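To start, the structure under review is shown below, and the notes come after it.
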Amino acid sequence: MAKIIVGFVCGLIFGLGLVIAQMTNPEKVLNFLDFAGTWDASLGFVMAGAVITTAIGYRLAWRAKAPLLDDSFHLPQKTRVDTRLVGGAALFGIGWGLVGFCPGPALTALSFGGWEAALFVVAMVAGMLLFDRFSTRIPLTISATSLRAR
C-alpha cells in the first residue's frame with residue numbers, strides 16, 4: 001500500500017511540475033522547438049533543472065543498497081541500440097514537434113478538459129495497441145548481414 005501512495009504522490013508532484021513549467025501547453029512547447037521563428041528558451045531552463053535534479057537523485061540513490069520501498073533496484077536489461085529504440089525516439093520527436101504534446105504532459109492536460117489532449121491520448125493509446133499487436137513483425141536490430149541480404 002505504501003508503494004501505491006508514494007507513487008500517487010510522486011505522480012501528483014510530477015503533474016504539478018508539468019503544469020507550472022507550462023509543459024502541458026502545446027503552444028509553449030512548439031515555440032521552444034521553433035528556433036527560426038517564435039523561439040522561447042524558457043523550457044530549456046525546465047530541462048536543465050530536470051537534468052540537475054536527476055543527476056543529484058541518482059548520486060543519492062546509488063549510495064543505498066536498495067530503494068526504500070523495494071528489495072532491489074530494477075535496471076533495464078537491454079543495453080543495445082536497436083531499430084525499435086531509434087524508431088521510437090524518432091516517432092516521439094516527430095509527434096512532439098508536430099503537436100507539442102508528449103505522453104506525460106498530455107495525460108496531465110486531460111484534467112483541463114481540452115479536446116486536443118484527449119485526441120492525442122486516444123491516438124497514443126491506439127499506437128501503443130497497434131505496436132503491441134504487430135511488434136513481432138518488426139525486426140529488432142539492423143546488422144551488416146541483414147542490410148546485404150536486402
Counting only residues that are touching a Leu at 6+ places or on another chain (Cβ under 7 Å) and aromatic (Phe, Trp, Tyr), how many does region 1-54 have?
1
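Using the structure shown, decide if residue 99 is in contact (Cβ under 8 Å) with a residue 24 or more places away in the chain and either polar (S, T, N, Q) or within 23 Å of residue 116 (Cα to Cα) (or both).
Values: in contact (Cβ under 8 Å) with a residue 24 or more places away in the chain: yes; either polar (S, T, N, Q) or within 23 Å of residue 116 (Cα to Cα) (or both): yes.
Answer is yes for this residue.
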If you scan region 54-86, which residues turn out to be in contact (Cβ under 8 Å) with a residue 24 or more places away in the chain and surrounded by 10 or more Cβ atoms within 10 Å (Cβ to Cβ)?
69, 82, 83, 84
Filtered residues of region 107-125 (kept if surrounded by 13 or more Cβ atoms within 10 Å (Cβ to Cβ) and over 15 Å from the mean Cα position of the chain (by Cα))
110, 114, 116, 117, 118, 119, 123
Would region 61-78 turn up any residue that is at pLDDT 90 or above, under 22 Å from residue 98 (Cβ atoms) and of a type in the set (Asp, Glu)?
no
Cβ-Cβ below 7 Å, separation at least six or inter-chain, first residue in region 1-28 and surrounded by 11 or more Cβ atoms within 10 Å (Cβ to Cβ), second outside any helix (DSSP H, G or I): which pairs?
3/69; 6/69; 18/24; 26/100; 26/101; 27/100; 28/22; 28/40
Taking the stated definitions as given, is residue 128 among the aliphatic types (A, V, I, L, M) and surrounded by fewer than 13 Cβ atoms within 10 Å (Cβ to Cβ)?
yes
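The values are calculated or read from the model by the stated rules, or taken from the named source; none is laboratory data. Treat the numbers as computed from the prediction; the structure is a model and nothing was measured. Cβ atoms come from the backbone with ideal geometry, glycine included; neighbour counts cover every protein chain shown.
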